[in-house]
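Some notes on the structure that comes next.
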Amino acid sequence: MLAMTLLYWLQPWEPSPTVMIATLLTAVLFVRGKRHARVSLTRQISFWFGLGALYVALHTRLDYFFEHEFFMHRGQHLVLHHVGPFFIALAYPGAALRAGVPFKWRQRFVRPALEALPVRVALDIVMHPVIAVTLFVGLIYFWLFSPIHFIAMLDWRLYRVMNWSMVIDGLLFWWLVLDSRPAPPARLSPGKRVLVVIAAIPPQIVLGALIFFTTRELYPVYSICGRAFTWLSPMRDQQIGGLLLWIPGSMMSVVGALVALRHWMRLSARGRLKPGQRSGGRPEDRAQRKERRTQRT
């Protein structure tokens, strides 16, 4: 009985070949690659949890509730933009995914594609710290702007664009800030990674509080299309959705900042940071810099 119930809920409300292919391809690459790249059990659990969370939020019967209750929709985007990408990035699966691609394919297709000028320019733009924060927070604001949200929930094509934009942006953002390497090869220094994720917290709090305290219905599309939970009033539904953005969404960013700070401290303790990337530098570093300034004077 339990298996039948679970199977029922895992069936897609609206089947999407794109979700199935993307999930299956990612899973196959990771399984192939982890044979060659060292991936600890903890990292494997983190990866599968993140990938499974994205699949559940995109391709199960729960999608009906995501389309018919605002707070359920906010829960979906919390998973798509925060939880799923966070745990995938926390697993650091890049080496395993690359190793999962056949060597000839990597040489012939993957490497030329990544080295192409348009791709490098695009990555440099979206991975810039200011752009990364702006996109991460801006997409939340954009899709929650009432007129745009109304259209997105009615047009299935725009609805899928909305969901995929949250997934892709979440992966890019958390991949950037949870990078455990020094810079280079990482794009940002450990200190900047901490600042980037902290900068994303206040706008989420502001928007969540605005939605929670607003005294009018901001998203009438759910009342027009019919609500999944008739016992829940539109305003209560809106308040719960605002709280989900306000508290869990912001807390995920706090956790991300703590992880980035931990990487910073670990790299500093191992002496893998440049002098300018250390937190204030060691006493002898400051003394040496002071002596050099005196000599130049």
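Restricting segment 141-186 to residues that are over 24 Å from F212 (Cα atoms) and in contact with a Phe, Trp or Tyr (Cβ under 7 Å, 6 or more places away or on another chain), the residue that is surrounded by the fewest Cβ atoms within 10 Å (Cβ to Cβ) is S180. Taking the criterion of being of a type in the set (A, V, I, L, M), surrounded by 14 or more Cβ atoms within 10 Å (Cβ to Cβ) and in a helix (DSSP H, G or I), the residues of segment 1-58 that qualify are V19, M20, A22, A27, L29, L51, A53, L54, V56, A57, L58. Every listed requirement among (1) in contact with a helix residue (DSSP H, G or I) (Cβ under 7 Å, 6 or more places away or on another chain); (2) farther than 24 Å from L176 by Cα; (3) of a type in the set (A, V, I, L, M, F, W, C) is met by M235 save one, (1).
Are any of the residues in segment 59-78 in contact with a helix residue (DSSP H, G or I) (Cβ under 9 Å, 6 or more places away or on another chain), at pLDDT 90 or above, surrounded by fewer than 20 Cβ atoms within 10 Å (Cβ to Cβ) and more than 30 Å from A228 (Cβ to Cβ)? No, that holds for no residue.
Annotation note: Cβ proximity below 8 Å between a residue of segment 13-38 that is under 18 Å from I168 (Cα atoms) and a residue that is at pLDDT 95 or above and β-branched (V, I, T) (sequence gap 6+ or interchain) occurs for no pair.
Out of all the residues in segment 186-233, which are in a helix (DSSP H, G or I), touching a residue at least 40 places away in the same chain (Cβ under 8 Å) and over 20 Å from the mean Cα position of the chain (by Cα)? Reasoning before the result, please.
The initial filter retains those residues of segment 186-233 that are in a helix (DSSP H, G or I), namely 190-199, 201-213, 221-225.
Subsequent filtering for residues that are touching a residue at least 40 places away in the same chain (Cβ under 8 Å) retains 190-199, 201, 203-205, 207-208, 211, 221-222, 225.
Selection gives I211, V221, Y222, C225.
Residues of segment 137-157 being under 21 Å from H68 (Cβ atoms), under 20 Å from the mean Cα position of the chain (by Cα) and aliphatic (A, V, I, L, M), which ones? Those that are under 21 Å from H68 (Cβ atoms), under 20 Å from the mean Cα position of the chain (by Cα) and aliphatic (A, V, I, L, M): I140, L144.
Taken over segment 113-134, the criterion of being closer than 30 Å to F70 by Cα, surrounded by fewer than 18 Cβ atoms within 10 Å (Cβ to Cβ) and touching a helix residue (DSSP H, G or I) at 6+ places or on another chain (Cβ under 7 Å) is satisfied by V126, I131.
Scanning segment 86-117 for residues that are assigned to a loop (DSSP other than H, G, I, E, B) and either among the aromatic types (F, W, Y) or touching a strand residue (DSSP E or B) at 6+ places or on another chain (Cβ under 7 Å) (or both) returns a single hit, Y92. Please go through segment 114-123 and pick out each residue that is over 23 Å from the mean Cα position of the chain (by Cα) and aliphatic (A, V, I, L, M). Within segment 114-123, A116, L117 meet the criteria.
The values are calculated or read from the model by the stated rules, or taken from the named source; none is laboratory data. Small disclaimer: the values here were computed from a predicted structure and weren't measured. Cβ atoms come from the backbone with ideal geometry, glycine included; neighbour counts cover every protein chain shown.
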